[in-house]
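Read the structure below first, then the notes.
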Amino acid sequence: MPSTRLKLHSMGFSRWLNRTVGFIVFFVLDIVDFLLCFTYKTLDFFFESEWKPCYCCPPPEAKPTAAGGSRGGKMIVSERSGDYSKVVSLTRTKIHLDEISDTLYSRPSLLTKFTKLVKCFKKDAVKCYDESKKRLPSTKKTILTVNSTVVEKLQRTPRWSDCHCTFCTSWLSSSNHSLFVNVQQPKDNKAQENVVFIHGFLSSSTFWTETLFPNFSDSAKSCYRLLAVDLLGYGKSPKPNDSLYTLKEHLEMIERSVISQFKLKTFHVVAHSLGCILALALAVKHPGAIKSLTLLAPPYYSVPKGVQGTQYVMRRVAPKEVWPPMAFGASVASWYEHISRTVSLVLCKNHHLLEFLTRLLTGNRMRTYLIEGFLCHTHNASWHTLHNIIFGSGSKVEAYLDHIRDNVDCDVTVFHGGRDELIPVECSYGVKRKVPRARIHVVPDKDHITIVVGRQKEFARELELIWRRRSTTPQLHSIN
């Protein structure tokens, strides 16, 4: 009994220490990010001769005059609605309707609260009250705003702070701006089935091609066409600055570059982390085409009723804690637009140097494909994908799972590392509760990456078993 009491006391003290140190550290980071905001505005103007807006401030209220007319004939208007801003982008030829997550603008901190309080005191009390009433959500009236931050994302040339190497900009020289797809198929080009691999956040197709592809059996290589895709903004795929990297954009690019390009009528899907959200959305959109879904560390958080989904998921993924290190890294990447841009500037812009140093220090014994996947992206791509896909889908994934349970006849298998500090194992158990037929495999002593890396031979056999089982039993599940 005394030992149990001591253990509980120690755990309570650890949590208190983590929160206290986190409070101090993240308050300092709030100030640093605030200062970097002005620093980057100055540098952007110096290098690109234009002031670049950011997400530090809420979008201004709409004006009757056209916005963005001088920027290639595009205009962006957004409508605030619940967890999202519905963004309408108008060009000379197309009209797009997308949703961006409110977490892009709403990332509360002590510094922002303090500055808002100071501004409020400076204004007339009545005027402040009237303005706050106008911003309250209403079912009778919506607020249309011209999103100047979105208008800024209209240039296809890389930013000065992005990498300009031939690898990262190769897509600019191609007229066909499709996703890069690494294909491995039978020598006679007569594959019986197709498998689509979707990587996770800050990764690329090499996560699959360097681990699983060499380890599939000869029989699997003679039966399956394997397609590993670089998502929009990652690896060798296009990284347009005029993209908001929404769920709709990612899905449409996968459909155009993989499903349509290779004329896939049916296919298996293997997805990791962020890729699981895209896999679920694909299954909902193409229910008759999916033969099996294999999800690794799916970021599914059951959002309590009455809670804003986007904010809830952001706080679960990025809890603003300094320990464990994975949580601290996720918090910095999620909450601080300009600090994360600085990290991208230092690391991504110099990824070739980092790869060289890694090979040099390890005597060329360490393969650098994980570094390539982790660093070959732009800040614009990673920032928007993180907020619009992982956080923005907070209230959507549950509906996707309900639809798959009731309307999609496919095998569902979930793998999760028992020591995953980024996406907790509870997320996979949550999938099981929503889709009872799902098979859950928790692999002890494996984390978010080593669920594949380091056990690729074993995992390749597990995948082959899943595909073979589905192929031999085409009507596994009854649809309610």
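The values are calculated or read from the model by the stated rules, or taken from the named source; none is laboratory data. Just so we're clear, the structure is a prediction, and the values are computed from it rather than from any experiment. Backbone-built Cβ (ideal geometry, glycine too); neighbour counts: all protein chains shown. For the accessible areas, the whole protein counts, side chains as well, though only heavy atoms, and no ligand, DNA or RNA atoms are used. Shrake-Rupley method; radii C 1.70, N 1.55, O 1.52, S 1.80 Å.
Restricting attention to segment 326-343 and to residues that are among the β-branched types (Val, Ile, Thr) and over 16 Å from Phe201 (Cβ atoms), the residue that is most open to solvent (accessible area, probe 1.4 Å) turns out to be Thr342. Assuming Ile198 fulfils every condition listed in (1) open to solvent by 20 Å² or more (accessible area, probe 1.4 Å); (2) modelled with pLDDT of 90 or more apart from one, which condition is it? That leaves (1) as the condition not met. Among what's in segment 242-262 and is assigned to a helix (DSSP H, G or I) and hydroxyl-bearing (Ser, Thr, Tyr), pick the residue that is least open to solvent (accessible area, probe 1.4 Å). Within segment 242-262, the match that is least open to solvent (accessible area, probe 1.4 Å) is Ser257. Does Leu280 satisfy the criteria of being under 15 Å from Val397 (Cα atoms), in contact with a Cys (Cβ under 6 Å, 6 or more places away or on another chain) and either in contact (Cβ under 8 Å) with a residue 60 or more places away in the chain or assigned to a loop (DSSP other than H, G, I, E, B) (or both)? Criteria not met by Leu280. Residues in segment 191-221 that are under 16 Å from the mean Cα position of the chain (by Cα) and either among the aromatic types (Phe, Trp, Tyr) or more than 20 Å from Glu255 (Cβ to Cβ) (or both): Phe197, Phe201, Leu202, Ser203, Phe207.
Tell me, please, whether a residue that is open to solvent by 20 Å² or more (accessible area, probe 1.4 Å), charged (D, E, K, R) and touching a Ser or Thr at 6+ places or on another chain (Cβ under 7 Å) can be found in segment 285-306. Checked against the condition, which is being open to solvent by 20 Å² or more (accessible area, probe 1.4 Å), charged (D, E, K, R) and touching a Ser or Thr at 6+ places or on another chain (Cβ under 7 Å), segment 285-306 yields at least one hit. The set of residues in segment 399-418 being in contact with a Phe, Trp or Tyr (Cβ under 8 Å, 6 or more places away or on another chain), in a helix (DSSP H, G or I) and more than 18 Å from Leu251 (Cα to Cα) is empty. Do we find a residue being crowded, with 23+ Cβ neighbours inside 10 Å, part of a loop (DSSP other than H, G, I, E, B) and of a type in the set (Asp, Glu) anywhere in segment 202-211? Checking segment 202-211: not a single residue is crowded, with 23+ Cβ neighbours inside 10 Å, part of a loop (DSSP other than H, G, I, E, B) and of a type in the set (Asp, Glu).
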